[in-house]
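The values are calculated or read from the model by the stated rules, or taken from the named source; none is laboratory data. None of the values given here were measured: they were computed from a predicted structure. In this analysis, Cβ positions are derived from the backbone assuming ideal geometry, glycine residues included, and neighbour counts consider all displayed protein chains. Surface accessibility is based on the protein's heavy atoms, side chains included, excluding ligands, DNA and RNA. Shrake-Rupley method; radii C 1.70, N 1.55, O 1.52, S 1.80 Å.
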Amino acid sequence: IEPCLKSLYELTSYDNWEVILLMDEHVRQSPEREAYLNDIGKRPNLRVVEYSRHPFNYSWVNNLGASQASGDILCFLNDDTEVISIDWLDQLVARVSLPKVAAAGLKLYYPDGTIQHAGVILGLGISGVAGHACHGLPRGSLGYFGRPYLERNVSSITAACMAIRADVFRMIGGFDEAMPLAYNDVDLCLRLRAAGWRIIWT
């Protein structure tokens, strides 16, 4: 979590945000983690919300975070992400503020510089359910007709970094907790689209 939060505070130009850090209560069993959580918990715009639920359920945890948030836009962000563009949140908020756009997501890279996420395509991948567009392409690659650089409407985006209107998220019932690990973000996005909302990848 430390690299994620460090990059978040150092490389976010958007200035009206809060962090709700969702932590399993067992994390505090390590003295180093306890000290770190106590230190970051002093930040004025950060709250640590602890929970005890096993086995882990990604949908439930994110719904818990959403219930604690006060903003008009939610941004789900995995703890293994690091910010690399100072205007990342400005870009997401701008897209979600457009008419009939409920959610927006960004291009994500692996540490080796290859693309992890450039939108989600239904029916792609080993599972045949859904897969990430441009997955594994090197940074700077134009890919198929420049797809890694073309902002567009998509069927789905990953919840590893997803901005969404809070009222719409609540209106459609949030993440489906019957889907604890995989495809909960795809399901959420399909319900958004079925309700007439657009999703943008940028």
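Computed quantities for the displayed model
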| quantity | calculated |
| --- | --- |
| Total formal charge among the other residues, if their Cβ is under 11 angstrom from that of ILE115, Lys/Arg +1 and Asp/Glu -1 | +2 |
| Å² per residue, accessible surface of the range 125-202 at 1.4 Å | 50 |
| Top positive-direction residue, dipole computed over the range 72-179 with Cβ charges, set ALA166, LEU137, LEU74 | LEU137 |
| Accessible carbon and sulfur surface of the chain relative to its total accessible area, %, 1.4 Å | 54 |
| Candidates per trypsin sites (Lys or Arg not before Pro) in the range 1-75, loop by DSSP, up to 14 other Cβ within 10 Å | LYS42, ARG53 |
| Expected 222 nm ellipticity per residue - DSSP helices of 4 or more, -39500 (n - 2.57), all of the chain, to 500 | -8000 deg cm²/dmol |
| Neighbour cut-off at most 11 other Cβ (10 Å), DSSP loop, chymotrypsin sites (Phe, Trp or Tyr not before Pro), the range 30-135 | PHE56 |
| Cα-centre dipole for the range 107-202 with unit charges at Cβ (Lys and Arg positive, Asp and Glu negative), debye to 20 | 340 |
| Total charge dipole magnitude, the chain, about the Cα centre, Cβ charges on Lys, Arg, Asp, Glu only, Debye to nearest 20 | 740 |
| Loop-located trypsin sites (Lys or Arg not before Pro) in the range 102-202, at most 16 other Cβ atoms within 10 Å (DSSP) | ARG139 |
| Label selected from [x] 19.3; [y] 18.3; [z] 17.7, the criterion being Kirkwood radius over Cα pairs in Å as computed here | [z] |
